[in-house]
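Inspection log for the structure reproduced underneath, given as C-alpha cells.
The values are calculated or read from the model by the stated rules, or taken from the named source; none is laboratory data. Since we're looking at a predicted model, the values are computed, not measured. Ideal geometry is used to build each Cβ from the backbone, glycine not excepted, and the neighbour counts take in all protein chains shown. For accessibility, only protein heavy atoms count, side chains too; no ligands or nucleic acids. Shrake-Rupley method; radii C 1.70, N 1.55, O 1.52, S 1.80 Å.
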Amino acid sequence: MDSNNITDSLAGEEKGDAVIGNVTMVGVLDPDASSGSLPVDWTPEEERKAVWKQIAVVMPLVILGFFSLQLDRGNISQALTGTLYKDVGITQDQMNNGQSLLLVMIVLFEIPSNWILVRIGPKWWLGSQMIIWGVIAAAQSAIRSPGAYYATRVLLGIGESGFIPGSIYYISTMFTRAEQAKLVAWFYVGNICGKGSSGLIAAGLLPLQGQHGIPGWAYIFLVEGIISIGIGILFLALIPTSARDCRTMLGFRWFTARESHILHNRVIIDDPLKEDPLAHFTKRNLAVVLGSWRLWLHVIFCIGGVACSTAVNTYNAQVVKAMGYPTGKANAMSSLGSWLQAPVTLLWGYAIHLITVTTLIHTRDRTRFKGPLMLLITAIMLVLNGSYYALLTSTGAVKPANQYAVYELIVAFGEPFFVGGLSWAVSTARTPIQRSMYGAMYVMASNSGQAIGGQMFRASDAPKYLRGFAAALGVYGFCFALAVAIILQYVYANKHGLGDAGKEGVAHLEVERSEHDRERGADADAEVRKVFHYPT
C-alpha cells in the first residue's frame, strides 16, 4: 500500500478543517459545520496524528481480512485448470451449481451473521469468521465426490456471510463520513490482492501434482485455507474493539486515553447518531429500509453488473488457457486483470471521495454527483464487452494477445462497478443504521448477482462463450438505461423537496425519533431533520 495515499489526511488548515487528498474537508474540526454538541477540545495537529495512527492500525487488518475471504472464495477458478473435474467427478455445470449454492448461502445468512456481529461486536465475530472459513477452505483439499463438493460450498458460504457489510460497518464506526469512501476503496484492495495472488499461488502449487499422493488443486485449497486461519488469529489478537475501547485481545492499547477521546468524539461530531447506532437496529427500521423503492433500483443495477463481471472472473484462467497458453502460464497471466483492479478501483474511490469532500465544502452535503461516474463505468464495460464480442465473432485472424488484453481489461473494470455503486447506494440513506442496512442490502444484491453470473458461462457455450458475452452486452445496456433513470428521479426528488423531512423523509424521521433514546434525542433529531438531498 502506498503510504502517501493513506496519509494524505495528515495535512491541515489553521482554521481546523481536515485535508484529505489535498482537499479541505469541512466538518471534522470545525464545530460550526457539525450538528453535534460535543466540544472540539483538541488541536488540528493532535487530530492528524491520531487519525494517521488509527488508519495505520485498523486498515491493514481489515484489508487482510478481505484478502483472506477472496482467496478462499475465488480459488476454485484456479483449481479448475488442474484435474479437479476428473478427481472430484463433477462437470462444469455442476461446478457452477456449487458456486451458486455458496452465494445463495451468503445471501440467506447475511442478516443472521450481522445480527451476531451486533450482539458480540465486530472484532470478535469478524475474526472468528476468518478462522471458520479458513478451516472449511482447507478441508476442501479432501473432497473426492460431488456431494462433498456441494457440502463444502454450502459451509463456506455460511462461514463467509456478512463479512463484507460487517467490515464496512466497523470502518464506519471508526471514521467520519467523508473519509469512508476512500477507506472502503482501500478495503477492497484486499479483495483485489486476493484475486491477483490466487493466480500466482496456483502457478506455484499446481506443479506439485501427485506429490505425497495429493493433487495440485488440493494444495491450493490447503495452503490458502491455512493462510486464512493465520490471518484470523492475527486479526483477533491485534484489532481494537473501537475508538473508545482500544484494547486488544493481547491486553495492550493502541491509542492513549487522549487519542481515544479525539477519535471517538470526532466521529460523533461528524454524525451524532453514531453515539448509539444500535438503538435503531429494529424491525421497524428494517421495514423502512426494505420499503425504499429507490434502494431497490440500486439493487437491480448491482445484480445486473455484478452477474456479468462474475462470469468473466470465474473463468478467467480457463479462458486464457483456451487462448493457447500452457496451464501454469495461464494461471499467472489471469492475475493481470485482478492486479489492474487495484489502481482502477482506488482511482474510482478517490474520485468518489473527491466529489463527496468537495461538495461538503461548497454545499454542506446538499448535492453529491455520483451517478455520472456510474454511467461512465457502465459505458466502459459496454465498450469492452462489445469489443471482445467483436473479436470472438471476427472472420479474420485474431491475435491471442489482443484477445487477452481486452479480456483482462473487462476483469479490471468489474470491481469499480461494484465499489462505486455501493458508495452511491449507501449515500442515499439518512442515518448511520440505515447506511449499514443499505450496505448489507447492496452486498446481498452483489452475492445474488454472483450466483446468477455463475450460470452465464455454460459448458455448451465453451470455449468462446458467445451466448454469455451477448447476454452481458444486453445486461450492461439495461444497467446504463437504469442508471440514467435513477439519476433523473433523484434530480426530480431534489427539485421538489421529496428528500426533506416532512415529505418522503418523514417516514425515516418518525422511525428514528420513536426508537431513539429520549435523553439524547435532540441532537440526533436535528441531524435527521436536515433537508436531505439525494446524491445524483
Can you send over the carbon and sulfur percentage of the accessible area for the stretch 53-180, probe radius 1.4 Å, protein chains only? 72
Just to confirm my numbers, what's the Cα centroid distance between the stretch 228-251 and the stretch 371-407 in Å? 43
Ala485 paired with Gln211, simple spin-label distance in nm, labels 7 Å along Cα-to-beta-carbon: 5.4
Mind listing the phi-derived Karplus ³J(HN,Hα) values for the stretch 172-187, rounded to whole Hz, using 6.51, -1.76 and 1.60 with θ = phi - 60°, and x for any glycine or proline? 5, 7, 9, 9, 7, 4, 5, 7, 5, 4, 5, 6, 5, 4, 5, 4
Spin-label pair Thr83/Ala56, simplified geometry with 7 Å Cα→Cβ offset, distance in nm: 5.0
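Using mean Cβ contacts within 10 Å as the protection proxy, how do 53-60, 221-228 order, highest first? Could the numbers behind the result be given before it?
Details: 53-60: 18.0, 221-228: 21.9.
By packing density, highest mean first, the sequence is 221-228, 53-60.
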Arranged from highest to lowest average of other beta-carbon atoms within 10 Å per residue, in what order do the peptides 245-257, 286-298 appear? 286-298, 245-257
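Kindly state, to the nearest 0.05, the FRET efficiency for Trp124 paired with Arg258, given R0 = 30 Å and r defined as their beta-carbon distance.
Numbers: r = 26 Å, r/R0 = 0.88.
Computed FRET efficiency for Trp124 and Arg258: 0.70.
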Mind checking the full-extension length gain between Ile111 and Ile300? Use 0.36 nm per residue of separation minus the Cα-Cα distance, one decimal, nm. 66.1 nm
Per-residue HN-Hα couplings for the stretch 416-421, Karplus 6.51 cos²θ - 1.76 cosθ + 1.60 at θ = phi - 60°, whole Hz, x for Gly and Pro? x, 4, 6, 4, x, x
Theoretical gain in end-to-end length, Tyr492 to Arg458 [0.36 nm per residue, Cα-Cα removed]: 8.0 nm
Phi angles of the stretch 128-137, converted by Karplus (6.51 cos²θ - 1.76 cosθ + 1.60, θ = phi - 60°) into ³J(HN,Hα) in whole Hz with x for Gly and Pro, give 5, 4, 4, 5, 4, 6, x, 5, 5, 4
Amide hydrogen neighbours beyond the local backbone of Arg247, cut-off 5 Å, H modeled: Thr241, Ser242
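Would you mind getting me the FRET efficiency between Ser145 and Leu473? Use the beta-carbon distance for r and R0 = 51 Å, nearest 0.05. Kindly include the intermediate steps, with their values, before the conclusion.
Working: r = 38 Å, r/R0 = 0.74.
The calculated FRET efficiency here is 0.85.
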